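Here the structure is laid out as structure tokens; the discussion comes afterwards.
The values are calculated or read from the model by the stated rules, or taken from the named source; none is laboratory data. None of the values given here were measured: they were computed from a predicted structure. For neighbour counting, all protein chains shown are included, and Cβ atoms are generated from backbone atoms with ideal geometry for every residue, glycine included. Remember, those area values only see protein heavy atoms, side chains included, never the ligands or the DNA or RNA. Shrake-Rupley method; radii C 1.70, N 1.55, O 1.52, S 1.80 Å.
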Amino acid sequence: IDQRGDQIVTQDINNAVAMFQSSNASIPFDINIVDGCDCSQMFFGYNGSKRPKINGAIGAGTQMYCAMSYHDENIGDLTFDNSQSYDYEGMFSNSTGLKSIGTLTNMRPNQIKEMFKECYKLRYLPTFVNLDLTDMRTNDWAYFENMFYNCYSLRSIPEDFLKELWVPVGQSWNGHFAYMFYNCHALDEIRGFNPQSPSFTSNKKGDAFRN
């Protein structure tokens, strides 16, 4: 890659699971994926100096950018396949040097717990365009827990985004928001959050607002 990377052209990649996991290589070429490509753990622990641009609509993205190196500070705009719902658990988690994320378009998750967990330097959330959380409200195993856990620098969460983080009253699991805002020291306020759950106490709350 170091010697001939600028001559590489990718096309119609339909599975990119762990494609650059723990890689130290600089990637000078774009990654052209088919819509719905599984990108889980694609950059898990990535330590290179140049991450490739992704062209196409991302499918699953579990731990896609998890635990990237400390110097990898910015992630650009991402587009998602919304023909069905996908798992994005821990998508950006433990990327402790991450400072900014671009616009996330057409995301339709069925799981987003730990999505920004331990992104210590992230001050503002990305902009969500056409976010669809319908499937989060129909799956008993979907959670919001640890979503912003140890996001020490997070200053604000858009009110219109927080208004979407709810499940129907009476649903069997009633939402699980444990440790959702744990150690969010810089967060000025939480406006618009309305979990609509009769069980948002005790074990369901699970220290959501601690520290």
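Taking the Cβ-Cβ separation of N74 and Q11 as r and a Förster radius of 30 Å, what is the calculated FRET efficiency to the nearest 0.05? List each step's numbers first, then the result.
On the way: r = 26 Å, r/R0 = 0.87.
Efficiency computed from Cβ-Cβ geometry: 0.70.
Starting from the eigenvalues of the Cα gyration tensor, five times each then square-rooted, give me the equivalent ellipsoid semi-axes of the range 1-152, largest first, whole Å. Could the numbers behind the result be given before it?
On the way: eigenvalues 119, 72, 29 Å².
Each semi-axis is √(5λ); the values are 24, 19, 12 Å.
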Run through all the Cα pairs of the range 83-167 and give the fraction in each 10 Å bin from 0, expressed as whole percent.
18, 54, 27, 2
Test of understanding: extend the Cα→C-beta vector of D188 to 7 Å, then name every residue of the range 127-165 with backbone N under 19 Å from that spot.
127, 151-163
Taking 7 Å along the Cα-to-C-beta vector as the label spot, tell me the R155-S49 distance in nanometres, rounded to one decimal.
3.1
If you place +1 on the Cβ of every Lys and Arg and -1 on the Cβ of every Asp and Glu, how big does the dipole about the Cα centre of the range 1-126 come out, in debye to the nearest 20?
380
Can you give me the pair-distance distribution of the range 59-102, C-alpha pairs, 10 Å bins, whole percents?
29, 52, 18, 2
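Return one whole number: the accessible area per residue of the range 60-119 in Å², for a 1.4 Å probe.
On the way: 1910 Å² over 60 residues.
With the other protein chains kept in place, the range 60-119 gives 32 Å² per residue.
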When all protein chains stay in place, what accessible area (Å², nearest 10, 1.4 Å probe) is found for T10?
20
